[in-house]
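The values are calculated or read from the model by the stated rules, or taken from the named source; none is laboratory data. Note that the coordinates shown come from a computational prediction; the quantities given were computed from them, not determined experimentally. Backbone-built Cβ (ideal geometry, glycine too); neighbour counts: all protein chains shown.
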């Protein structure tokens, strides 16, 4: 019975994942031109050569201390590692979120943020105004809704959120950073409501359309998940994140 419930939950997540594609439609497609000759229409693997990268002043992420941090301290230290993602499907522009997990510009997000947008257009916008293209897709898993990629940055060093090595527990305080409804780097807090299988963390921290791909952190400032979905029809504050353990095997080097 539990297995049946788990697969039903997976279906609901894929059906409601913070909206279609990257979660929030930005325009009707009349303002953006993309390269329609993509070799793969399922995910972004090519750069938009017309987007220039601004010079970066970002510094490496601070080392993790095992002393608990306040919400304000977590936001101050790690919000610069979270960025907005704009994608284009040939008709419309969509917006989601992502965050850096290695200082050399390795980042993660939800697969559905990039799905169907292989038009040679993607834009990553950081809170300091710097804009970058996606360089290479390192790995992705459509079923688990994760994507790992490198940022086209000419070797620049980025602030990053360290990956947690601990096991998330029900009742643990958590913090989410993302861009719901295009509101850049919005910070929210809550608790882990339940662990659903090995891949899904149910949380009470509010998220919304455009939060897809954002960071879920514990009170040590470590990434424990990728914010993924909320169930709009419920008043019970049902929100979900993909367990960060899903991407660890791709970040072992």
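So the values come out like this:
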quantity	calculated
Hits in segment 185-212 (condition: more than 20 Å from residue 73 (Cβ to Cβ) and within 14 Å of the chain's Cα centre (by Cα))	207, 208, 209, 210, 211, 212
Given (1) more than 23 Å from residue 94 (Cβ to Cβ); (2) surrounded by 19 or more Cβ atoms within 10 Å (Cβ to Cβ), index of the condition residue 189 fails	(2)
Extreme residue, farthest from residue 153 (Cα to Cα), among residues of segment 90-114 that are in contact with a strand residue (DSSP E or B) (Cβ under 7 Å, 6 or more places away or on another chain) and not in a strand (DSSP E or B)	92
Considering residues of segment 142-171 that are closer than 15 Å to residue 200 by Cβ and more than 14 Å from the chain's Cα centre (by Cα) only, the residue surrounded by the most Cβ atoms within 10 Å (Cβ to Cβ)	168
Residue 147 being in contact with a strand residue (DSSP E or B) (Cβ under 8 Å, 6 or more places away or on another chain) and assigned by TED's automatic domain parsing to the domain that holds residue 124	yes
Any chance residue 179 is over 18 Å from residue 246 (Cα atoms), under 14 Å from the mean Cα position of the chain (by Cα) and buried (at least 17 other Cβ atoms within 10 Å of the Cβ)	yes
Test: residue 87 is outside any strand (DSSP E or B), touching a strand residue (DSSP E or B) at 6+ places or on another chain (Cβ under 7 Å) and more than 30 Å from residue 219 (Cβ to Cβ)	no
